[in-house]
Structures are given as structure tokens and as C-alpha cells.
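Have a look at the structure below before the remarks.
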Amino acid sequence: MTWLSRFLGGQDASSRGLTARQAQSIAGWRHLPEPDPHRSHYRCRYVVVDVAATGSDVNVDRLRSIGAVAVVDGQIDFKDALQLAVADLAPARASPPAAGEEEGGRTATVDALIAFLGFVGKGRLVAYNAPFVERMIERALDESLGIRLGLQWMDLAWVLPDLWRQVDAGQGRLDAWLDHFGIDSMQRHDALSDAFATAQLLQVTLAQALRKGFETSASLAALEKARRHMHQSG
Amino acid sequence: MSNSATETLVSACIRFLRPYPPFDQMEAEALRFLAEHVRLAHYPKGARILSGEMGVARALYILQRGKVRAKSTPGLGSVESSSINLGPGQSFAIGALMAQRPTASSYVAREDVFCYELPADDFFALTQKSTVFNLFCTQHIAGLLKQSQQQLQLQFAQRAAEQKTMNSPLAAIVKREPVSVEAAVPIRQVVEMMAERHLGSMVVVDQQQVPVGIFTLSDVLKRIVLPGTPLEQPISSVMSAVPQTLLLAANAHDAALLMAMRGIRHVLAVDEGGRLRGVVSERDLFKLQGAGLRQIRHAIDAASSIEVLQHAREDVRQLSLTMLAEGVGAAEITQFISTLNDTVTRRIIELNLDRHDLYGIDWAWLSFGSEGRDEQTFTTDQDNGIVFICTDIMDRELTQLRFLEFARDVNADLDRCGFPLCKGNIMASNPDLCLTLEEWEDKFAQWVRTPEPQALLNATIFFDFRPLYGRFNLAHRMRLSLFRQTGGNPLFLRMLAQNALSVSPPLGRVRDFVTGGDPEHPGTIDLKKYGVRLFTDAARVFAMAHSVEATNTVQRLKRAAAAMHFSEDDLAASIEGFNFIQLLRLRHQHFEQEHGREGDNLIRPDALNEIERRILKEAFRQARKLQVRLKLDYQL
């Protein structure tokens with residue numbers, strides 16, 4: 001009956017000190033319909049996400065901010081973008097903050113993550129080096145809201161080399177691809193800037209995918225899966 | 001949803017746009033609005049971003065990265081399509097957006113392209129918010145006008161160049177089907193044929209159409225009349241054998257050389273197989289060289305006979321064509337045609353004065369209608385009259401008879417020189433239009449006092465009078481008297497204004513143009529009735545209301561504008577609109593005449609190119625503005 005209690009915002013939510021409104025928002029998000037993966041790239045909503053963290057070790061470093069930019073029907077609308085700062089909630093802190101400060105930080109973070117859920121909806125998530133982004137976000141969601149996003153991610157780091165086999169993009173770094181397509185980043189390593197640059201990279205990718213016959217996110221997912229498989233077994 | 005992320009992205013967009021015109025001049029608030037409402041789109045290399053087939057333009061495109069090739073669709077008669085490259089910071093489809101039409105050009109990405117797209121509704125909101133942007137768009141449209149004029153000029157320059165150069169091949173010079181006979185045909189039949197068809201020469205060919213001889217009018221005297229050759233003999237017995245031929249590919253210069261060397265007046269153009277394809281005469285070559293304005297005027301002034309004037313009239317036409325090609329505006333060309341036509345008319349009057357004694361009488365030759373307004377086009381008939389002073393009332397009948405006789409001769413000569421007799425009998429030889437000063441004044445006063453429909457119609461023709469020959473001060477007195485009449489009779493001007501409003505600009509609510517004006521010519525617009533007339537009628541009312549003596553529409557508008565507090569821009573726009581319609585008329589008439597038809601004023605909007613259609617629409621809007629002013633002024 002866990003799913004029911006979660007749905008009702010029961011003990012799980014209350015145990016994390018969520019307000020009724022916060023719990024309701026989360027429940028609302030859960031019930032959004034799943035997107036149809038067989039729609040054309042130019043008829044669906046992709047959400048490109050990047051994060052800034054205290055470092056690059058998934059197991060040690062903590063999430064600091066999230067940047068997200070939507071690509072809807074192939075276009076970027078500046079009004080459809082999100083930038084969130086996430087307070088560091090790591091229990092292992094050198095000097096524990098005062099109780100009130102702790103409480104305020106927690107509420108702000110919960111609200112930020114709920115805003116993120118609202119922004120993403122059940123859109124198709126895209127990132128460059130998706131596993132890192134995904135784990136950073138999933139952990140924050142788990143710690144603060146006690147939920148899992150559970151959405152499929154498209155990792156451009158895997159998709160790009162397959163669509164442009166002749167391009168040698170260094171060690172598969174984002175910078176190399178941005179350079180190759182002449183896309184400027186406003187401020188590298190800022191979550192929103194990188195998400196915006198990556199969103200433009202996605203636009204280029206979708207056009208090329210369409211040209212090569214991968215017309216839907218499902219077909220790109222299949223492409224990515226095949227490449228991972230080849231890579232891991234080879 | 002406005003948040004810090006949006007703020008960051010919008011700021012970045014503003015920073016990108018800021019260095020480029022018109023965004024560099026744009027109000028900060030408007031630029032922010034623009035950046036907030038654009039969407040960033042990507043097009044891969046080779047993608048067609050926008051073209052006419054995609055329907056009405058839905059967004060403004062501002063290039064952010066990459067190059068786009070804009071290729072204009074060739075319009076009516078335009079030589080070829082042109083293409084330009086657009087780069088970052090440049091915008092496109094402004095014209096199509098403003099006119100809410102499909103674009104005339106196609107835009108293709110030459111490499112990976114990112115561009116900001118502003119939806120049409122936001123585009124219009126922006127033109128409202130930003131005067132800088134509005135001005136930019138307006139100037140863009142004005143640029144299109146210039147572009148269209150350049151296109152017209154190019155078109156005519158080509159045609160004129162083809163006609164003028166001595167390098168043109170004979171194939172381009174010979175136009176008519178050659179007339180030829182076979183060697184056995186009797187002389188009588190040949191001469192009859194030549195007389196009937198006004199031919200100066202006849203080519204004699206064998207059964208394969210290869211020329212074997214030529215027979216010219218000058219041979220008739222020397223070889224037939226004087227020796228008394230029987231007319232039943234075959235033409236071969238009197239023709240000049242072994243005619244001079246040139247291949248069709250030879251040029252006019254070759255022909256001139258051959259004529260000079262052999263002392264002949266005709267050269268036969270033949271194809272590869274030696275078959276006759278045409279005759280080039282000395283006169284054809286003369287025409288090629290063209291004539292300048294000064295030579296023409298000189299020729300007209302020195303002309304001693306109607307025959308010489310007939311040629312001069314053709315030269316006037318040729319020269320106006322050249323002027324069209326050189327990019328001279330419609331106002332100047334119509335004025336020029338009027339001026340030279342005046343010169344021809346004056347010379348005809350002078351020639352006739354030798355035969356008619358009008359000595360001692362004060363009189364003036366008047367022109368009416370388009371000639372009176374200095375706005376003649378290629379197709380024009382006579383509209384003239386005479387005013388004279390009769391000191392003794394007893395002499396009036398006799399004096400008028402003398403003028404009528406004189407006028408009949410002048411009218412007939414004008415007809416021979418290419419000014420057809422007026423179907424409505426608006427000619428000096430009409431006793432109703434050959435009047436004393438007092439009679440003219442009475443006539444005008446009568447029309448002004450009783451503005452019934454016929455009187456109003458008359459006003460639109462006769463009130464545009466202008467003296468052409470004789471005592472110009474008589475016309476001035478007529479004008480002053482007319483202003484006295486109209487000044488004291490506001491009802492008349494009101495009726496005249498109402499009359500001017502009886503025809504509306506053919507602008508449609510749904511379609512661009514209303515083309516149903518003439519059931520006999522569906523799909524066309526009569527540019528005289530539904531174009532030029534809208535301007536001339538309005539200008540006439542303005543001129544009469546403000547005692548402007550000028551009869552020319554542009555002059556009338558300019559002089560009345562000051563009194564009516566017209567802004568400079570509004571005035572310039574009206575004149576531009578009027579001139580554009582005149583230019584279209586000139587071009588159309590020229591085209592029609594080149595194809596052997598009588599030049600009419602019926603154009604097909606569908607046959608115009610995109611830019612011309614747009615400008616024509618704007619010209620009609622200007623006419624509507626003048627009409628609105630009339631409505632306001634006269635509470636109609």
C-alpha cells in the first residue's frame with residue numbers, strides 16, 4: 001500500500017516535513033501522462049538539463065544548481081527555461097547551521113525541486129553526459145522529496161558520435177562539439193548556459209537525426225542503446 | 001513564465017542583437033519585447049526556411065548564425081531572378097509580413113543556420129511599440145519600390161539596347177514577313193500589290209524562296225513608264241538581278257556598309273539555305289541610330305511639311321522609350337511627351353497659319369484633359385479648343401467661321417501626325433469649343449452655377465485647360481474668371497468632390513484588388529479610370545478650392561499641400577503613388593503597341609510581380625487617403 005500512501009501524501013511525505021501543497025504538487029506531477037515516444041521531434045517537448053555540482057565525483061559531490069531549457073516543436077522559447085539554486089543539504093557538513101537556517105534552506109530546496117518537476121513534467125529529458133546529471137538530480141529528489149524521477153534520458157554524448165561518424169570531437173567533450181558547430185556558450189560551467197548551449201546542440205542533432213531517418217525519440221533511444229551495447233561488449 | 005533563466009537568455013539575445021541595425025537604434029523597452037518574444041530555431045544546410053508556397057508569412061526571421069541565400073522569384077518580364085546572401089543580424093520577410101502575403105523570395109540555409117523567429121502578431125505589436133522599428137520596416141518597403149523601379153529600368157534598358165545598337169543582328173531588325181513574288185508574275189500584278197500594301201520594294205524569288213532579283217518603286221519610272229514596257233511582261237524582265245544578300249546573323253553595321261558600297265537602299269536577309277527571310281531598308285537602319293531630344297525638337301521646329309512631322313512623332317515615341325530605359329520617372333516622361341507633342345502641335349499650327357489669315361485677332365489654342373495637365377501617355381487623342389477676342393459683336397459669326405476653317409485643317413493634320421481625332425468631338429473645329437473669351441466665361445459660369453452631371457463631367461475635362469499657342473494671357477483671364485465663379489459657389493466644389501468620390505480605389509477586402517470593374521475584361525483593372533483619375537480628380541478639387549492655377553496633378557498637389565497642411569511625407573507618398581500608376585500605364589501601353597495593339601489601360605494584377613503588386617496596392621491606398629480628405633473637407 002506504499003504507492004497509495006505516497007499518492008495521498010501520507011507518512012512518507014509528512015515524515016519529510018512536506019506541506020500539503022507541496023505533497024499535492026508532487027502527486028499532480030506523478031499523474032501526468034507519459035509522452036508518446038513515437039512522435040516526431042518537431043511535435044514534442046524535450047527538456048535539456050544541465051547541473052552544476054561541487055565537483056565531478058557522483059558519489060561525493062553535491063548538486064548546487066540546475067539549468068533547464070525546453071525545445072518545443074524544435075524551437076527554443078526563452079520563456080520556457082528554468083534556473084534553480086539548490087541549497088547544500090549534505091549531512092556531513094563541517095559546521096552544522098542553526099536550526100532555523102536549516103529549515104529555511106530545506107523548504108527553499110523542496111520548492112525548487114518541485115518547480116523543477118513542474119517544468120519537466122513528463123517531457124523527454126536530454127543531457128550531455130546524462131548519467132552524471134541524472135544521478136545528481138535523482139539523489140536530490142530522493143533526499144528532499146523522497147521520489148524518483150524515473151524518466152528516460154537521452155545522452156547526446158552517445159548520440160552525437162553516431163550521427164556524425166566522420167567528426168572527431170576529441171574525447172567526446174561537450175566543448176569540442178560546441179566548437180564544431182560554432183555554438184557559443186554564454187558562460188561555460190554555468191548550469192543554465194550549458195543547458196542552453198546543449199539545447200542548441202539538440203536542435204542540430206534533431207535535424208541530422210531526421211535526415212538519417214531517426215524521426216522520433218524512440219528511434220534515437222534505440223540508436224543510443226545499440227551504441228552503448230556495442231561499446232560495452234566490444 | 002518569467003524567471004531568472006528567461007532573464008538571462010533574453011539578456012543574451014539583446015546583447016547579440018544590439019550591434020546590428022535597426023536594433024542598435026531601437027528603444028530599450030522595444031528591444032526587450034522583441035527578445036522576450038522570439039524563438040530560436042535551427043535549420044540544417046540546404047533547408048528551405050521560407051518560400052512563397054508556404055503561404056502567408058507567419059514570422060519575422062532574424063539570422064543569429066550562418067548564411068541564408070535569398071532568391072527572388074522572377075516577376076513579369078524581369079530578366080532573371082537575383083539572389084543575395086544574408087548573414088547574422090539581418091532580417092527577412094518584412095515586406096511579406098507587412099502585406100500579410102506569401103513571400104516573393106525563397107530563403108534557403110547555405111550552412112547550419114540558427115535564427116530568431118518573431119511571430120507575426122508580436123511583429124505587428126513591435127511596429128506599434130517602436131517607432132525606430134516601424135521606420136525601419138517602412139523604409140524597407142520603400143527600398144522595395146526602388147528595387148522595382150530598377151527592375152523596370154533594367155528591363156527597358158535591355159529592350160532599348162537591343163533596338164538601338166548597330167551591332168544587333170538582322171534577325172532582330174527585320175520584323176515583318178517579307179513579301180515576295182515569283183519571276184513569272186506579270187508586272188501589273190506586282191505593281192498593284194506594291195501600291196495596295198504601300199511597299200517600296202518587291203523581292204523576286206525562285207521556287208525555293210531564294211531571291212533572284214529585286215524591284216523597287218524607283219524602277220517603275222525608269223524601266224516601265226519611260227520605255228513603255230507592257231504590263232503583261234513577267235517581273236523578271238524589269239527587276240535588278242543578283243540582289244545583295246546578307247545572312248540573318250550579320251549585323252546592322254554590315255548592312256549599312258553594303259548599302260554604302262553598292263549605292264543601294266535595300267539589303268535582303270537570308271537564312272543558311274539562302275532563302276529570303278526579310279528586307280532591311282536604309283530607313284530601318286536610320287531608326288536604329290535613334291535621335292536625341294535636341295535633334296527631334298530641331299527637326300520639328302524646322303519641319304516644312306506634315307510628312308516630316310509624322311516621322312518626328314515616331315521619334316518622340318522612340319525617345320520616350322529610351323527615357324523609360326534610362327530610369328527617368330513617369331512624371332518627367334509624361335511631361336516630356338506633352339512638351340514634344342506641344343512642339344509638334346505648335347508647328348502644325350504655324351504651318352496652317354500660312355494658309356489662314358488670322359492677323360490682327362487675339363486668340364489662343366487651348367488644350368484640355370490629359371494634354372492640358374501635361375500628363376500624356378503613348379496613347380492620346382486630341383482635346384483642344386480655341387479662345388478668341390471679338391471686339392465688334394457684328395463680326396463674331398464671321399470670325400468664328402475663319403477660326404473653324406483653320407481649326408479643321410489643324411485637327412486633320414494632327415490626326416495625320418498620330419493624334420487621332422477626338423471621338424467625343426472635343427476639338428477646336430467644334431463650334432461649341434471655338435468661342436470668344438466672354439463665351440467661354442459664360443460657359444464655365446453656367447457649369448459652376450448648375451452642377452448637373454454633364455456639367456461636372458465637362459469640368460473634369462475643360463477646367464484643366466492650358467494655352468498652347470497664341471495669346472497666353474487669354475487663358476490666364478479665363479482662369480481668374482473661373483476662380484471667381486467657384487470661389488463664390490461652395491456647392492459646386494462640393495458636387496465636384498462628390499463626383500471625384502464616385503469611383504473608389506479598387507482595393508478589395510478579401511482579395512488585394514477588385515478586378516470586376518469592367519465585365520468585358522475580367523481580371524483587369526483600368527488604370528486610367530480606377531487609378532490615375534482618382535488622383536487627378538482629387539487634385540482638381542484641391543486646386544480649385546485653393547486657387548492653384550497649375551493644371552498638372554503633381555503640381556496641383558504640391559501647391560495645394562501647403563494651404564491644406566499636408567505633411568511632407570503624405571504629399572511625397574501621394575505623388576509617388578500617382579507616378580507609379582503612370583509608370584505602369586506607360587509600360588503597359590508601350591508593350592501593347594509593340595505587339596501591334598492599340599494601347600489601352602487595362603492591366604492584370606495577377607501578371608505583375610510581387611513587388612509591383614504590393615506597390616500598386618500602396619498607390620491605391622494613397623488614392624484612398626486623398627479621397628478621405630475630400631470627404632472630410634466637404635462632409636461627404
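No value in this document is a laboratory result; all are computed from the given coordinates. For clarity, every value in this text was computed on a predicted model and none was experimentally measured. Virtual Cβ from ideal backbone geometry, glycine too; neighbours counted across all protein chains shown.
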Estimated FRET transfer efficiency (B:Arg188, B:Glu27; beta-carbon r; R0 60 Å; 0.05): 0.10
With runs of 4+ DSSP H residues as the only contributors, calculate the mean residue ellipticity of chain B at 222 nm using -39,500 (n - 2.57) per run, divided by the residue total and rounded to the nearest 500. -16000 deg cm²/dmol
If you line up the long axis of helix B:120-129 against the longest principal axis of chain B, both from Cα atoms, how many degrees apart are they, to the nearest 10? 90
Could you tell me how many cubic angstrom of Cα convex hull volume the range B:523-636 has per residue? 106
Rounded to the nearest 0.05, FRET efficiency between A:Asp162 and B:Arg509 (Cβ-Cβ, R0 41 Å) equals 0.15
Pairwise over distinct Cα atoms, reciprocal of the mean inverse distance: report the Kirkwood radius of the range A:36-233 in Å, one decimal place. 17.6
I need the shape label for chain B. Rule: rounded when a/c is under 1.5, else prolate if a/b > b/c, else oblate, with a, b, c from the alpha carbon gyration tensor. oblate
If you wrap a convex hull around the C-alpha atoms of the range B:455-500 and split its volume per residue, what is the figure in Å³? 65
Folded to 0 to 90 degrees: helix B:610-634 orientation relative to chain B principal axis, Cα: 90
Note the per residue figure in Å³ for the convex hull of the C-alpha positions in the protein assembly as shown. 263
Please identify which residues in the range B:233-270 have an amide N closer than 18 Å to a label point set 7 Å out from the Cα of B:Arg197, following the Cα→Cβ vector. B:235-236, B:239-240, B:266-270
Acute angle (nearest 10 degrees) that the helix B:437-449 long axis makes with the longest principal axis of chain B, alpha-carbon atoms: 40
Taking the Cβ-Cβ separation of A:Thr107 and A:Glu138 as r and a Förster radius of 25 Å, what is the calculated FRET efficiency to the nearest 0.05? 0.75
Which distance in nm do the two modelled labels at B:Asp415 and B:Asn85 give, with both placed 7 Å along the Cα-to-Cβ direction? 6.5
Which of rounded, prolate or oblate describes the range B:295-390 when judged by the alpha-carbon gyration tensor and an a/c cut-off of 1.5? oblate
Which links in B:Lys423/B:Lys625; A:Lys79/A:Lys225; B:Lys71/B:Lys617; B:Lys45/B:Lys129; B:Lys443/B:Lys528; B:Lys71/B:Lys625 stretch past 30 Å when you go from one Cα to the other? B:Lys423/B:Lys625; A:Lys79/A:Lys225; B:Lys45/B:Lys129; B:Lys71/B:Lys625
